[in-house]
C-alpha cells in the first residue's frame, strides 16, 4: 500500500509517495478523511526556509483501517482526530499521544479544527481573563476567531476583533465580537470606551505579524495584559520603558509547552484542551461552521501553498479532502 504525504523542502511543497510497511505489533493503520492546514503557522514555516524533507500539518481526521497484534486501544472503523501530518494513510503506535475519538454527529470538516481550537484554548488559559474584562484579539483568521469565542466563554466583557481584512472583520461580528475594527488607534479607543466599567484590556495577538505587536505597544493603555502567540519573522523595536511607564504585562503563549497530560503543577494539559475542544464543537458551544471556505483535493494542495506564499491564495482557510 502506498501513502501520500505533504512534504516541504525549503519553500517547495509536494506530495511524497512511499510504500507503507506491514503493521507491527502495537501499531495502527489510519485512513485520512480530512486534514486542516494551520495557514499562519505553516506559511511562516515555509517562509523561514526550514530544514529539507519534513512533513507539513498537525490537524488530521480519519478512521482506523487496521490494527496490528497487541493493539487494543482503538477499534476498526473508529473515527479519530490526531496531531498528524497531511497524509492519506498513516501508521502509528497505539500509544501515540493526541489521538481522540470524534464525537458522534460532529462532521469530519468541523472536527478537523480541534487542534486549532486546542491552541486557542491555551491562549485563553494563559490570558487569565477576568469576568467582564475587555478582550482585544488581533488577527481574525481561524485561530483568532476561535480565541474570541473561547474568551467570551471564559468571561470576557467587551470583545473587539482587529484585522485589516474587511471579510474577516465581518466574520468576527457573525461569531460574536461586539466590535470589529482595522488596526486603527482611534477605532480602538472608541471601542474600549464602550466598556463599562473601564477595566484594563487583554490583548491577544495571533496574526503572527510583527507590525501587529508594534501596534499593540503603541496603543495599549495603562495596566493592559498582552498575550503574544504568533510566529514572528521580523523583529519589533521598542523602548523597554513603555512596559514600566504603562505597567504592561506581557505573556508568551506556545501551546506545545503545556503538559501532554494533567500534572499537579499546571492545571491545564493538551489532553484536556483537545477533549474540551471536540466536546465544545459537538455541543455547539464553539462554532466552526463558517471558518472553512473551501475544500481541496490532494492533487491541488501544492499549487495552493505556492499561491499562498506569493500572496495570491483564494481561500482564507481551506480543508484538505482525502476521501475517495
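Since every read-out is calculated from the coordinates, none of them should be taken as a lab result. Nothing here was measured: the structure is a model prediction, and the numbers come from that model. All Cβ positions, glycine included, derive from the backbone under ideal geometry; neighbour counts span all protein chains shown.
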* Grab the DSSP H runs of the chain that are 4 residues or longer, score each as -39,500 (n - 2.57), total them, divide by all residues and round the 222 nm result to the nearest 500 deg cm²/dmol. => -8500 deg cm²/dmol
* Asked: Order of 185, 16, 169 from fewest to most other C-beta atoms within 10 Å?
  -> 185, 16, 169
* Distance from the range 77-156 to the range 1-70 (C-alpha centre basis), Å -> 19
* To do: Give me the distance between the Cα centres of the range 256-303 and the range 210-224, rounded to whole Å.
  => 28
* Structure fact -> Per GNM of the chain with C-alpha springs under 10 angstrom, the most fluctuating residue out of 134, 201, 256 is 256
* Relative contact order (%) - the range 116-257, alpha-carbon pairs under 8 angstrom, separation at least six -> 24
* Structure fact -> Mean separation of Cα contacts under 8 Å (at least 6 apart) over the residue count of the range 90-167, i.e. the relative contact order in percent, is 29
* Starting from the Cα of residue 293, step 7 Å along the direction of its Cβ; do the same at residue 239; then give the gap between the two resulting points in nm. => 4.0
* residue 66 label point, 7 Å along Cα→Cβ, cut-off 14 Å on backbone N: hits in the range 8-44? -> 19-31
* **Extension gain from residue 11 to residue 48, taking 0.36 nm per residue of separation minus the Cα-Cα distance** => 12.5 nm
* Roughly what % antiparallel, to the nearest 5, for the DSSP beta bridges in the chain? -> 60
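Relative contact order (percent) for the chain, with alpha-carbon contacts under 8 angstrom and 6 or more residues of separation?
Values: 694 pairs, mean separation 58.0, N = 324.
Once divided by the residue count of the chain, the mean separation gives 18 percent.
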* To do: Please give the length that would be gained between residue 247 and residue 309 if that part of the chain were fully extended, namely 0.36 nm times their separation in residues minus their C-alpha to C-alpha distance (nm, one decimal).
  => 18.5 nm
* Only one of the values (i) 63, 42, 34; (ii) 47, 43, 40; (iii) 58, 43, 38 was calculated from this structure for Cα extents along the principal axes in Å; name its label. => (i)
* Cα-only Debye scattering, the range 116-257: base-10 log of I(q)/I(0) at q = 0.12, 0.17, 0.20, 0.21 Å⁻¹ -> -0.40, -0.86, -1.25, -1.40
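Under the 0.36 nm per residue contour assumption, what length would be gained going from the current alpha-carbon distance of residue 2 and residue 214 to full extension?
71.6 nm
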* Asked: Would you list 203, 8, 74, 238 from fewest to most Cβ contacts within 10 Å?
  -> 238, 74, 8, 203
* Förster radius 30 Å - calculated FRET efficiency between residue 131 and residue 185, Cβ distance, rounded to 0.05 -> 0.65
* To do: Order by neighbour count: 247, 205, 271, fewest other Cβ atoms within 10 Å first, most last.
  => 247, 271, 205
